[in-house]
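J.: If you scroll down you'll find the structure; I have some questions about it.
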Amino acid sequence: MLFARSLILACLTVTATAIDIHWYRNRGCSGSYGRCTNMPASGCCTLIPQDVNSAVSWNNIPTDQNIIAQGYWQEGCSGNIAGSGRSNYLSSLCFPTPQYRGAKYHTINGLRHTNTEENPAETEAPCRKPDVLVFEDGHEFNLTDLNEEQYSEVVCISFCAFESYKNFMSGGSSSEVETFFAALDI
């Protein structure tokens, strides 16, 4: 009976894990980023079509858990996998080449895992876009209350316009996004 309770609690712990996925517009996993917060296993974090290919990292991975991370060429975690790797019980994992448009992860259930297929106990979660922009100057902008048009506009303010993109990449000021949010009165 005690073993059965322990096994049930262990299974619930694995399924309750949520990891942050970060998108970086430059090579490597440092500087300003967009974040999908608390992504469940098998949940896709995707970029919008107006956004640029990005490097991606998985963060806040429990160190008692091993995951298989997958980066995709296309939005929505569709099409071919562009890269995959294991966390090997580390708290973060980085795919440094800016070639990704979708990302997800799967838990490894402790059994010998010989391929990158999903853990059968996991169910597909809905696709999400980054919900927070984090700038090197410490500013964070919550994107969850924006409609589709506003979301696309704030992403383009941060990444699409050449000068704004250079500013974001160099860790510069987040004042343009702050001005945009002030105008929306959010």
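Please treat every number below as a calculation from the coordinates, not as lab data. In this text, all values refer to a predicted model and were calculated from it rather than measured experimentally. Note that each Cβ is placed from the backbone with ideal geometry, even for glycine, and that neighbours are counted across all protein chains shown.
J.: Order by neighbour count: Ser84, Ser32, Ser175, fewest other Cβ atoms within 10 Å first, most last.
T.: Ranked by crowding around the Cβ, least crowded first: Ser175, Ser84, Ser32.
J.: Looking at segment 20-61, which trypsin sites (Lys or Arg not before Pro) are DSSP coil and have at most 16 other C-beta atoms within 10 Å of their C-beta?
T.: Within segment 20-61, the qualifying trypsin sites (Lys or Arg not before Pro) (loop, at most 16 other Cβ atoms within 10 Å) are Arg27.
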